[in-house]
Structure formats: structure tokens, C-alpha cells
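The values are calculated or read from the model by the stated rules, or taken from the named source; none is laboratory data. Computed from a prediction, not measured in an experiment: that's the story for all the values here. Here the Cβ is made from the backbone with ideal geometry for all residues, glycine too, and neighbour counts use every protein chain on show. Keep in mind that these areas ignore ligands, DNA and RNA; they rest on the heavy atoms of the full protein, side chains included. Shrake-Rupley method; radii C 1.70, N 1.55, O 1.52, S 1.80 Å.
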Amino acid sequence: MEAADYEVLSVREQLFHERVRECIISTLLFATLYILCHIFLTHFKKPAEFITVDDEDATVNKIALELCTFTLAVALGAVLLLPFSIISNEVLLSLPRNYYIQWLNGSLIHGLWNLVFLFSNLSVIFLMPFAYFFTESEGFAGSRKGVLGRVYETVVMLMLLTLLVLGMVWVASAIVDNNKASRESLYDFWEYYLPYLYSCISFLGVLLLLVCTPLGLARMFSVTGKLLVKPRLLEDLEEQLYCSAFEEAALTRRICNPTSCWLPLDMELLHRQVLALQTQRVLLEKRQKASAWQRNLGYPLAMLCLLLLTGLSVLIVAVHILELLIDEAAMPRGMQDASLGQVSFSKLGSFGAVIQVILIFYLMVSSVVGFYSSPLFRSLRPRWHDTAMTQIIGNCVCLLVLSSALPVFSRTLGLTRFDLLGDFGRFNWLGNFYIVFLYNAAFAGLTTLCLVKTFTAAVRAELIRAFGLDRLPLPVSGFPRASRKTQHQ
């Protein structure tokens, strides 16, 4: 063999080893996410649905739970995708020739983006509908009972749903872009139809983030206030403990003497209320034992950090709006070649990249808080060891839609300069200036409005409670009045 042949073989062998290494790394990362999501879901599932007299129902629920675990792992991977890419780029910039990070390259990052896109399509379009129809199926009439009969019915229902969605997408494409080439492109199921359908789902997720994130940013202050111990000026824990003990004693008397009340009593409801009050009392006692540092320093610092992160997010979006008017390069676009380790995607270098990652995680957490706080999706909120299987499926679908839209959401708002890789950058609406500009303006306006309304109302309410004005019988417009029971106390 000639030297050129040996060189070609060595290049092919090196490429083969790189692909095997990337597959092993991707498998290990996904296995880690899968285990974490499985542990997480087992704390919310309803045990009665998995330990039943009918083994068939328990088997169906176990299969559906594994599909939900896979979907939730993909959603978590979509959340970590953009931060991992930004951090990898900064690591390669700082340590370009380090032997121990040679596995971290543009090919691996690009492959992870493609895998997340593929698994997101697979979960949203096939796995989650299959899991829902599988849990609701009973088998065709006249067929043998068993898991296999349910599988047959689920596959038939899934095929009918696929035909329905395919027709709806084809009609939508004909209405939006009425030309022969665009309609014929949908006949290519894998190359055009699935990306087009996922583009519509991603656009729905981006719109959902636009609504939920400002609401969640405003709700983060009240949620953090419930988790942390407030200073004594803003919270009277002794009074809350007294009220909780008084209500618990009253409910206990009603349970012990049910004949003293002429109205019929729901004993199960009373027991649940007593358990809730006991849990609340234990939490209040723990908060009462908090140190002065936690009470007087932790709460103000947490509120200051939230205010700083929220204000920085709105400021970055406002600057990005101005950049959209001046520079065309500010528009989000796709990038087919992941050339990492060449230039930083932040003007502040590594420090700016860390700020970008923190803001991305903060906005994702805020969007989840806003999603579960909205009246439309409040009923989907999971409960500890009391979440039905269909509710778990609905939560996994919603979280996947939100998380898979996070990279597009972050790049559209200008939170990062990292361009979208793979099929994430092929969405048609990303090149529309008016959509991107109006989206940025709507986010900045809604966030500012929610913050001003929530923050001022919270400050006024806390001041009213701190000075005891809520116990006065005087009607105060815009502030909550205490109940008669509290006033007599």
C-alpha cells in the first residue's frame, strides 16, 4: 500500500474513534439525565396506580411512566443545551491545547443539538400521544384482553391522529405559502414535514414563554418570600403560629365530637385539613428558629439578586431592540458549522458568558413558575405522591414544549450571541424582522408592567401589615382587609 492509502486509513480510523467517543459521551449524558428524571417522577406519581389488583393496568402505567421519563430527560437536555454550549466555548478559549478536554469539540456540540432536536420531535409527535392513548385504551371490542390488545388500539389511534395532523399542516402550509414547491416539499416526511411541524410547535412554545416568563418574573418575589424567613418588621411568626394552633385545635374538637354539630361533616376533608395545618405549623416552627443572619440578611440579599437579574434581563432586551433597528446581524440565525473555541460570544468574555448562563436558567425557572401560576394551567400543577398518570403526561408535554423553545427564546431576545445549531436555526419565522422586533418589545413591556404592578402592590401590602393597619376597621382601597375573626382576636 502507498503512503497516501495509509494516510486515508488513519484519517478514517481517527474519524471512527471520534464518532464512537461522541456516542459514548452522549449516551452517558442522557443516561444521567434519565436517572435523575426517573427519581424525580417517582416522587410525584400516585402509588395506587402502580400497585393495583389488575396487573394489566399497572404494566400500562409503568410503560407510560418510562416514556414520560424519556420525554422529561429530553426536556432537561434542551434546557442544558445552550448553557453547555456557551460554557464549552469559553473552556476551549481558555484552554485551547489541554489534553484532558480534547473530547470537547464542535462536532460533539453539534451532535448534541441534533439529538435533542430529533428526540424532541419523537417525544412530542409520537411518544407522548402514544403514552396518553395507551393509558386510556381498553382494547378493541371482541379482541383478547391484555397489554397487546391495548397496543393495537393505541397504534390505530396514533395513525389516525398522524393523518389528521398531516392534513392540518398541509392545509396550513398551503394557506401561508401558496405555491407548488412548498406543498410538494411536505411530501418529504423526514426532511421537511417533521421540521415544519416542529417549527409550529416551537413557535407555540416561544409564544407560551412570552406569556409565562413575565408572569413568573413577577411571581418569583412572592415565591422566594415564602421560602425564606423575612425580617420581623415584615413578618410576625408568633401570630401565625398562634392562629395555626388555634385552627388545628378547633378542627380536632370537631373530629372528636362530630355529634356536636347538626351539619353533616366530611371527616376525610377534616383529617386532610388537620394534616395540612400540622405541616404548616412544623414549617413555621423551623422558620422561627432561624438565626438573625438568615432573617435580616438572607431575605434582603435574595430580593436584591432577583431584582438585579430581572432588571438586567429587561435592560439586555431593550439594548437588543436598539440593535435590531441598527444592525442586521442582531437577527437570530442558524449556524451549520459549530466552530467553537475561536471567539467569545460575549463582549465581557468569560464573565459575560457566566452572566448569560445565569440569566438563561433564571428565565427558564421563571417561565415554569409563571406557567404553573397562570389560571389556565394551574390545574396541571403536580402534587407530591398524588399525581395521576394522565396529568404526568400533560406536564411532560408542556415542559418539553417550553424547554425546547428556550434556545430560540434566548437567542431571539438577545440574551446570548451563540447562534442556533442544527435544525433549530431552520425555523422560517426567525428571519422575519417584524416578528422578532415585536416579540422583543412585547417581552420588555409585559415584564416591566408585571414588575411595577406586583412589586408596588407587594411593598404596600407588607407595609400595611408591618404597621398593623390591616387590622383596622377602616376601608383602605386596593389593600386586603383582615377578616372579622382576625379583627376580634
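For every residue, the table says whether it meets (1) β-branched (Val, Ile, Thr); (2) at pLDDT 85 or above.
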position: Ala292; (1), (2): no, no
position: Leu297; (1), (2): no, no
position: Leu308; (1), (2): no, yes
position: Gly311; (1), (2): no, yes
position: Val314; (1), (2): yes, yes
position: Val319; (1), (2): yes, yes
position: Glu328; (1), (2): no, no
position: Asp337; (1), (2): no, no
position: Ser344; (1), (2): no, no
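If we keep just the residues of region 369-397 that are touching a residue at least 40 places away in the same chain (Cβ under 8 Å) and closer than 19 Å to Thr213 by Cα, which is most open to solvent (accessible area, probe 1.4 Å)?
Among residues in region 369-397 that are touching a residue at least 40 places away in the same chain (Cβ under 8 Å) and closer than 19 Å to Thr213 by Cα, the one most open to solvent (accessible area, probe 1.4 Å) is Val397.
With the structure loaded, tell me whether Leu122 is surrounded by 22 or more Cβ atoms within 10 Å (Cβ to Cβ) and within 27 Å of the chain's Cα centre (by Cα) or whether it fails that test.
Judged against the criteria, Leu122 is not a match.
Just to be sure before I move on: is Leu402 within 27 Å of Trp113 (Cβ to Cβ), crowded, with 20+ Cβ neighbours inside 10 Å, touching a Leu at 6+ places or on another chain (Cβ under 7 Å) and modelled with pLDDT of 85 or more in the structure I sent?
Yes.
Output the qualifying pairs, or none if there are none: Cβ atoms under 6 angstrom, residues six or more apart or on different chains, first residue in region 262-279 and closer than 22 Å to Cys243 by Cβ and at pLDDT below 60, second residue among the charged types (D, E, K, R) and not in a helix (DSSP H, G or I).
none
Specify which of the listed residues (Phe30, Phe40) is aromatic (Phe, Trp, Tyr), at pLDDT 85 or above and either assigned to a loop (DSSP other than H, G, I, E, B) or open to solvent by 70 Å² or more (accessible area, probe 1.4 Å) (or both).
Only one candidate qualifies: Phe40.
Residue-by-condition table, conditions (1) at pLDDT 70 or above; (2) loosely packed, with under 13 Cβ neighbours inside 10 Å; (3) touching an Asp or Glu at 6+ places or on another chain (Cβ under 6 Å):
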| residue | (1), (2), (3) |
| --- | --- |
| Glu153 | yes, no, no |
| Val156 | yes, no, no |
| Val171 | yes, yes, no |
| Phe189 | no, yes, no |
